[in-house]
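The values are calculated or read from the model by the stated rules, or taken from the named source; none is laboratory data. In this text, all values refer to a predicted model and were calculated from it rather than measured experimentally. Methodologically, a virtual Cβ is constructed for each residue, glycine included, from the backbone with ideal geometry; neighbour enumeration extends over all protein chains shown. Areas reflect the complete protein model, heavy atoms only, side chains present, ligands, DNA and RNA absent. Shrake-Rupley method; radii C 1.70, N 1.55, O 1.52, S 1.80 Å.
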Amino acid sequence: MSVAGQLYQLQEIDLEIAEKERRLEQVNSRLGRDDVVVAVRRKLDAAKERLEELRHGQRSLDWEIDDLAGKIKKGDEELYSGRIKNPKELSNLQHEVELLKAKRDDLETKDLEIMEQVESAEAGADALNRELEETTTEWQREQEQLRKDKETLGSSLNKLRQQRQALAGEVDPGTVALYEGLRKGKGFAVARVEQGICRGCRISLSSSELQQARSGALVQCGSCSRILYLP
Ligand SMILES: [Zn+2]
């Protein structure tokens, strides 16, 4: 194989190494990151807090209603006990009891509203609980897959680096240095020649460049300086 052919192979390996390194970086950046799970957990915590507030409000309201019921019962007993003879006093007490009953009715309506809010908040928290479970399971599955990917990529990279070392060892060090320099400066060092055109810069090559490249000599494109490779 010509030196250009060897360098082209080297370049293929380098591209594969770069691609796998890029993927490994992506995998590493996602490994251990649990933002998705944390976000759902935060929503659930907020929902639970709201539910607790509502339940607390409901308990206070229930106590208030119980308290009123006690007062109403006492007032009613007093009214029908026959102990109060004074009509004015009787009418005052009647009025007082009516006010208490009106307040109780009012609170009972509020209690029903708050009960509905509690139920809907409970349903919301339940849904978030399920979402957290699902998200966590999905996250664990993803992390497991990422760990596997990392292992696979790591072992592929090891093999590729060994191949690269072996291949680079077959080429004279000065030529490898030329290749490395071009790679750093231009992204890739070896350009295929197709239909007399350098695929690195898409400029037509001179007939002498083509002839030299065809002979297997190491030729650089006169325009982009890349090493020319005729497949
Ligand atoms: Zn070129």
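Values for this structure:
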item	result
Residue identified as over 30 Å from Glu119 (Cβ atoms), loosely packed, with under 15 Cβ neighbours inside 10 Å and either within 25 Å of the chain's Cα centre (by Cα) or at pLDDT 95 or above (or both) among Asp35, Asp14, Asp45	Asp35
Residues that are open to solvent by 50 Å² or more (accessible area, probe 1.4 Å) and either near the ligand (Cβ under 10 Å from one of its atoms) or assigned to a helix (DSSP H, G or I) (or both), drawn from the stretch 175-191	Ala177, Leu178, Arg183, Lys184, Gly185, Lys186
Answer from Gln145, Gln212 - the residue that is assigned to a helix (DSSP H, G or I), at pLDDT 95 or above, open to solvent by 60 Å² or more (accessible area, probe 1.4 Å) and not basic (Lys, Arg)	Gln145
Residues being hydrophobic (A, V, I, L, M, F, W, C), closer than 14 Å to Ser223 by Cβ and touching a residue at least 24 places away in the same chain (Cβ under 8 Å) - total across the stretch 159-212	5
Filtered residue count, the stretch 192-228, keeping only those that are under 50 Å from the mean Cα position of the chain (by Cα) and within 11 Å of the ligand (Cβ to nearest atom)	21
Residue in the stretch 78-87 that is surrounded by fewer than 12 Cβ atoms within 10 Å (Cβ to Cβ) and at positive phi present	yes
Lone unmet requirement of (1) modelled with pLDDT under 95; (2) open to solvent by 70 Å² or more (accessible area, probe 1.4 Å); (3) not acidic (Asp, Glu) for Lys103	(1)
Enumeration of residues in the stretch 148-169 that are crowded, with 16+ Cβ neighbours inside 10 Å and among the aliphatic types (A, V, I, L, M)	Leu153, Leu157, Leu160, Leu167, Ala168
Subset of the stretch 192-207 (residues that are open to solvent by 40 Å² or more (accessible area, probe 1.4 Å) and in contact with a strand residue (DSSP E or B) (Cβ under 6 Å, 6 or more places away or on another chain))	Arg192, Ile197, Arg199, Ser204
Residue in the stretch 57-65 that is in contact (Cβ under 8 Å) with a residue 60 or more places away in the chain and out of contact with any strand residue (DSSP E or B) (no Cβ under 8 Å at 6 or more places or on another chain) present	yes
Number of positions in the stretch 17-32 that are open to solvent by less than 40 Å² (accessible area, probe 1.4 Å) and under 30 Å from Gly174 (Cα atoms)	2
